[in-house]
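To start, the structure itself, in structure tokens.
The values are calculated or read from the model by the stated rules, or taken from the named source; none is laboratory data. The model shown is predicted, which means the values in this text are computed figures rather than measured ones. Using ideal geometry, Cβ is built from the backbone for each residue, glycine included, and neighbour counts are taken over all protein chains shown. These area figures cover heavy atoms from the full protein model, side chains too; ligands, DNA and RNA do not enter into them. Shrake-Rupley method; radii C 1.70, N 1.55, O 1.52, S 1.80 Å.
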Amino acid sequence: MSDDGSTGPSMTDLIAYLAKALVDRPDEVEVESFDEDDAEVIELTVAREDLGKVIGKQGRTARALRTVLSAASTRQHRRAVLEILE
Amino acid sequence: MTEQAVTTLRALLGHMGIEAEVKGSEAEDHVLLDVTGPETGLVIGKKGATLDAIQFLVNKILATEALHAGVSEASRKPVYVDAEGYRQRRAESLLELAHKLAAKAMKTKRPVAVDPMSPADRRVMHVALANTPGLTTRSEGEGAQRRLMIIPDPNFDFGPQEDHGE
């Protein structure tokens, strides 16, 4: 999914890997990304009943996903933003 | 379960593009994963925020795998993730801070508000001051703004306080 010829790992792959490892229905995980200004926006869709698994109590899982994504994208000098679609 | 935890953390770091070594050891009540390598600063993050997020996700992933495999929750141990001894160093500096602020609370006989911290860091502070006569601690605020308050009993005689400096 790398669109700029960089050899680093893809941020969509990172989110897909994490989401699939956290939900009950990994086959229903979908991740898409697009560029917006200077950031890569990553859209995550999971099965309706798995939404709680990627958001967590008080949004703790979603926050952890964003923290990890932010560290990984910092390494590639490119900002990435996670949006969880309902 | 140590091997499974090591594999999970290696996969996560690999997907993050981080070059690192992971070693695991199992204690009676937990599994410890230690990360070493040239990029541990990135693994730790600001005030250990990335390390906490990684630790949280590794535990969630292992819990999900166990659930799907029908393994009971009781047979699992919590997994702690450390990088180059960061947690030990952090605990030591938190202990030092706790004692310094406790001395200030005793001296001024007024509550002292500590800067907002993660739940794990607050816990270290609570435990450090749990048995200090005349002092109580509690947390106030919500989410990322939650902070520890060190509260002296106004009627307690702390005696002459030595100056801990600052």
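Panel note: contact residues of segment B:14-31 (accessible area lowered by at least 30 Å² against the chain on its own; 1.4 Å probe) correspond to B:HIS15, B:MET16, B:GLY17.
Counting only other chain Cβ atoms within 10 Å of each residue's Cβ, the peptide B:50-56 averages 5.
Bridges between two residues of the protein assembly as shown, per DSSP, are antiparallel at a rate of about 65%. When DSSP beta bridges are restricted to pairs lying wholly in segment A:11-85, around 55% turn out antiparallel. Summing both sides, the accessible surface hidden between A and B at a 1.4 Å probe radius is close to 1800 Å². Each Lys and Arg contributes +1 and each Asp and Glu -1, all at the Cβ; summed about the Cα centre of segment A:11-85, the dipole is approximately 600 debye. For segment B:1-118, DSSP calls about 55 percent of its internal beta bridges antiparallel. Based on the alpha-carbon gyration tensor of segment B:89-152 and its eigenvalue square roots a ≥ b ≥ c, which shape applies: rounded if a/c is under 1.5, prolate if not and a/b is larger than b/c, or oblate? Oblate, because a/c is 1.5 or more while a/b does not exceed b/c.
Rolling a 1.4 Å probe over the heavy atoms of the protein chains gives segment A:11-85 an accessible area of 51 Å² per residue.
In percent, rounded to a whole number, the relative contact order of chain B is 17, using alpha-carbon pairs under 8 Å and six or more apart. Think of a 1.4 Å ball rolled over the protein heavy atoms: segment B:59-105 then has 55 Å² of accessible area per residue. Solvent-accessible area assigned to carbon and sulfur over the protein assembly as shown amounts to 49 percent, based on a 1.4 Å probe. Seen from every direction in turn and averaged, the convex hull around the alpha carbons of the protein assembly as shown projects onto 16.6 nm². Could you work out how far the C-alpha centroid of segment A:34-86 sits from that of segment B:124-152, in angstrom? Using only Cα atoms, the two centres lie 32 Å from each other.
Please label the shape of segment A:15-66 as rounded, prolate or oblate, based on the square roots a ≥ b ≥ c of the eigenvalues of the alpha-carbon gyration tensor (a/c under 1.5 means rounded; beyond that, a/b larger than b/c means prolate, else oblate). Verdict is oblate for segment A:15-66. Each stretch of four or more DSSP H residues adds -39500 (n - 2.57); spread over every residue of the protein assembly as shown, this sum gives -13500 deg cm²/dmol at 222 nm.
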